[in-house]
Amino acid sequence: MALNTVIESLGVYTPEGRLSTKELVDGCKVKPIIDIEDLTGIKTRPVVADGEYAIDLAREAVTRCFEISKYQPEDIDLVICTNISRYNGPNWKAGFEPSTAAMLARYFDFSNAIIFDEPNACAGMFTALYIVDAYLKAGFVKRAMVISGEALTCLARTAQKEISAPFDPQMACLTVGDAGAAFILEQTDNPAVGFHDMDAFTVAHHCDYCIGTFSKEPHGGFVMYTDSIKIHQVAIGMTAEHVGRMVKGTKWENSENHHYIMHQTGTRAIKTTRKSINDWVGKEVCSEKNSIVNVIERGNGASTAHFVALWDHIRNGAIKSNENILFAVQSSGINLGVGLYSLDDLPERVMSWSRMEQREAIKEAM
Amino acid sequence: MGITINSIGLYENKNKSVKTSLELCRRAAEPCIKHSAYSKEDIGLVVSVAVYRDDYFCEPSFSSFVQNDLKINHDKTDSLGPKTLSLDILNGAMGFLNACQMCSAMITAGKIKAGLVVSSDLVNGSISEKGDPPEFLPSGAAMLLSSEKNGGSGFKAFRFKTFPEMQDACESYLFHDKDHMTMIFKRDPAVEDIYLKAVSAGVSKFLEREAVGLDDFDMIIPSQISSGFITKMADILGVKREKMIDITREGGNLFNASLPAAMDHIFKHNKPEPGQKALIINVASGIQVGCAVYQF
């Protein structure tokens, strides 16, 4: 019987700075006709400081992940970086070579690991997880690390200058937030924990519904054009069927069984997806109680969103050891994914690390 | 079970008539799929390894455009039946070898039947007017990988080593230059020697870990950077020049198309005997060395 893949460690870093939706909207030359905060529920999001970039977010997350892990960098056989953001220097510098993974090898001893970047929009960390599961099952590696540093609020800064219509394709840029996340995966011989099932695929017919590139305007920077209505229609509709088919007739169709973490784009999108899944299954798979909503204070953290949500809700005590998580993944592409996961004692280890960090912060302040 | 090359498609952009990365990709991938033993429905994974592609899209994956363009399970309305995952690997000129290993893992783990790897690096000259020239030949390449149940043929023993202390030798980035975004390539004038230094250390480590010698291989497939680079690599490894596969052309190195182009040449011209082995030695920014064995 194939062994389950388990998250051995998790590390998340969010920069200290905060940027409210009100500040962002107030700074737009042309204000959106829609109340972004009302539509998405996003009140504020973490924002990088001046001189802080995607690589810094990734590096801090990796550092935390190793602090919680029993492993050292040289124990990692495969390193995959999934950040969409390659914003790594002044004047909108975006690096193409070397890869982010190779850049991180300057800080951590990944010299004997397989390393590469695998950006795949907001589904990046999950599709990397799906790929790592194959490397582990094929016996190619013993453990792998998936990393993402998303410095995305640069999109919002460009959008403030470029939004020219009250209903503009750059409006979604006003929802993003900055964060870094990293996790280590390995196999477990305990069939009660880890990923019991997972699936991922791309409905590429809709690949042009959300496009991120560089700005052609004289001010430079990066832009993202989104047809929010179309992408939500397809992603939510297909997620309902994808999740529904995976859980129907199993213990996972009972909302009491698990926490539900989907991509964090907005509170209304989460609510609509929840209803669509429940309608498809004919039972309450996702309830208000079991749905993790992390977008209000974090914004849309793109590829990091699911794992920042997991981290935050472990740290606030909502998610505990040995509980179950139903991951649902949606991104431009359009990528769809589902993962059925049972936690081991990771939450206890994250909490233990948090308490230690608090004690050290108090000592430093004295 | 060995993971083998089922089909290769190449498109040389000799007169530079093809202006987009997606078009380069299509011209290589369509014949690759057509001449393979598989239908589009069988392709469970599409991996684009192009670092330099149209408009430097960072979202969605370039491979999703490729999947849509080639109509590979692209218009699903539910999760039933054949489906395809598309994703990009960005890792300089190491991407193609990384993708071959990824397909091998996905096929071995039983997640897919066949995987398509595509490469179509193309620099948009209108935003790359400063810095060093990109120095690679824009070309499209596609390789379809699948499993071979009988015999021990196919890819084996992938090993990668990174030398971060040499990283500054090779860099590219977009940045805002006064009133527009521009792409910069920075290459140390001695970058080929730096690659060779890494090859020396990386290949020694590979041979030690696999407990093999260079005599165990019938041919060596190096990165197709330049004829001079390949000659120097033969000298460093202490092997005869004839053992090195060299299909370098005027106009720049083959970058991510090196491996598929070299393999295509071997299948067409060397006509390898079953059981013959090739050692693949790939170099890339990072600085990285990747080695793998392909048994014919």
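The values are calculated or read from the model by the stated rules, or taken from the named source; none is laboratory data. Since the model is a prediction, treat every value here as computed from it, not as a measurement. Every residue, glycine among them, receives a Cβ derived from its backbone with ideal geometry; neighbour counts consider all protein chains shown.
So here's what we get for this one:
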item	result
Options A:GLY244, A:GLY180; residue that is under 21 Å from the mean Cα position of the chain (by Cα) and either at pLDDT 95 or above or not assigned by TED's automatic domain parsing to the domain that holds A:ARG268 (or both)	A:GLY180
Candidate set from segment A:120-153 (those that are in contact with a strand residue (DSSP E or B) (Cβ under 6 Å, 6 or more places away or on another chain) and in a loop (DSSP other than H, G, I, E, B)); member that is farthest from the other protein chains (Cβ to nearest Cβ)	A:ALA151
One residue from B:GLY252, B:GLY238, B:GLY213 being more than 15 Å from the chain's Cα centre (by Cα), surrounded by fewer than 15 Cβ atoms within 10 Å (Cβ to Cβ) and in contact (Cβ under 8 Å) with a residue 12 or more places away in the chain	B:GLY238
Criterion (facing chain A (nearest Cβ under 7 Å), buried (at least 24 other Cβ atoms within 10 Å of the Cβ), assigned to a strand (DSSP E or B) and modelled with pLDDT of 95 or more) met by exactly one of B:LEU87, B:LEU145	B:LEU87
Hits in segment A:86-119 - residues which are over 29 Å from A:GLY220 (Cα atoms) and in a strand (DSSP E or B)	A:ILE114, A:ILE115
Residues that are buried (at least 24 other Cβ atoms within 10 Å of the Cβ), touching a Lys or Arg at 6+ places or on another chain (Cβ under 7 Å) and of a type in the set (S, T, N, Q), drawn from segment A:265-294	none
Output for segment B:1-24, where each listed residue is assigned to a strand (DSSP E or B) and β-branched (Val, Ile, Thr)	B:ILE3, B:THR4, B:ILE5, B:ILE8
Test for B:ASN98: is it within 7 Å of another protein chain (Cβ to nearest Cβ) and at pLDDT 95 or above	yes
Flag for A:MET224 being within 25 Å of A:ILE80 (Cβ to Cβ), within 14 Å of chain B (Cβ to nearest Cβ) and in contact (Cβ under 8 Å) with a residue 60 or more places away in the chain	yes
Any hit, segment A:99-116, residues being within 11 Å of chain B (Cβ to nearest Cβ), in contact (Cβ under 8 Å) with a residue 60 or more places away in the chain, crowded, with 24+ Cβ neighbours inside 10 Å and of a type in the set (A, V, I, L, M)	no
Subset of segment B:58-84 [more than 7 Å from every other protein chain (Cβ to nearest Cβ) and among the aromatic types (Phe, Trp, Tyr)]	B:PHE62
Residue match in segment A:333-349 (condition: assigned to a helix (DSSP H, G or I), surrounded by fewer than 24 Cβ atoms within 10 Å (Cβ to Cβ) and out of contact with any Ser or Thr (no Cβ under 6 Å at 6 or more places or on another chain))	yes
Flag if B:PHE155 is among the hydrophobic types (A, V, I, L, M, F, W, C) and either buried (at least 24 other Cβ atoms within 10 Å of the Cβ) or in contact with a Cys (Cβ under 7 Å, 6 or more places away or on another chain) (or both)	yes
Which listed residue, of A:HIS196, A:HIS206, is more than 8 Å from chain B (Cβ to nearest Cβ) and assigned to a strand (DSSP E or B)	A:HIS196
Check on A:ILE84, facing chain B (nearest Cβ under 9 Å) and buried (at least 24 other Cβ atoms within 10 Å of the Cβ)	yes
Top-ranked residue of segment A:202-218 - restricted to ones that are farther than 17 Å from B:CYS58 by Cα and at pLDDT below 95, ranked as surrounded by the most Cβ atoms within 10 Å (Cβ to Cβ)	A:GLU217
Complete set of residues in segment A:209-221 that are within 7 Å of chain B (Cβ to nearest Cβ) and outside any loop (DSSP other than H, G, I, E, B)	A:CYS210, A:ILE211, A:GLY212, A:THR213, A:PHE214
Search result, residues across segment A:38-68 that are over 25 Å from A:LEU185 (Cβ atoms), buried (at least 19 other Cβ atoms within 10 Å of the Cβ) and among the charged types (D, E, K, R)	A:ARG45
Scope segment B:27-56; condition surrounded by fewer than 20 Cβ atoms within 10 Å (Cβ to Cβ) and closer than 28 Å to A:SER215 by Cβ; matching residues	B:ASP54, B:ASP55
Residues located in segment A:74-85, provided they are more than 14 Å from A:CYS122 (Cα to Cα), under 17 Å from the mean Cα position of the chain (by Cα) and part of a loop (DSSP other than H, G, I, E, B)	none
Checking B:MET143 against (1) assigned by TED's automatic domain parsing to the domain that holds B:HIS265; (2) under 23 Å from B:THR248 (Cβ atoms), the condition it does not meet	(1)
Condition met for A:ASN290 (more than 13 Å from the chain's Cα centre (by Cα), modelled with pLDDT under 95 and assigned by TED's automatic domain parsing to the domain that holds A:ASP344)	no
Per-region count, segment B:7-26, residues over 17 Å from B:GLN67 (Cα atoms), among the polar types (S, T, N, Q) and crowded, with 20+ Cβ neighbours inside 10 Å	1
Meets criteria (assigned to a strand (DSSP E or B), surrounded by fewer than 23 Cβ atoms within 10 Å (Cβ to Cβ) and either at the interface with chain A (Cβ under 10 Å from one of its Cβ atoms) or touching a helix residue (DSSP H, G or I) at 6+ places or on another chain (Cβ under 6 Å) (or both)) for B:PHE160	no
Residue in segment B:150-157 that is farther than 30 Å from B:THR108 by Cβ and small (Gly, Ala, Ser) present	no
Test: residue in segment B:114-123 that is modelled with pLDDT under 95 and surrounded by fewer than 24 Cβ atoms within 10 Å (Cβ to Cβ)	yes
Flag for A:LYS31 being at pLDDT below 95 and surrounded by fewer than 16 Cβ atoms within 10 Å (Cβ to Cβ)	yes
Test set (1) hydrophobic (A, V, I, L, M, F, W, C); (2) under 27 Å from A:THR265 (Cα atoms); (3) surrounded by 22 or more Cβ atoms within 10 Å (Cβ to Cβ) - A:ILE76 fails condition number	(2)
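One line per residue, one yes/no per condition, for (1) in contact with a strand residue (DSSP E or B) (Cβ under 8 Å, 6 or more places away or on another chain); (2) farther than 25 Å from B:GLN224 by Cβ; (3) among the hydrophobic types (A, V, I, L, M, F, W, C):
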position: B:ASN91; (1), (2), (3): yes, no, no
position: B:MET94; (1), (2), (3): yes, no, yes
position: B:LEU116; (1), (2), (3): yes, no, yes
position: B:SER147; (1), (2), (3): yes, yes, no
position: B:PHE155; (1), (2), (3): yes, no, yes
position: B:LYS161; (1), (2), (3): yes, no, no
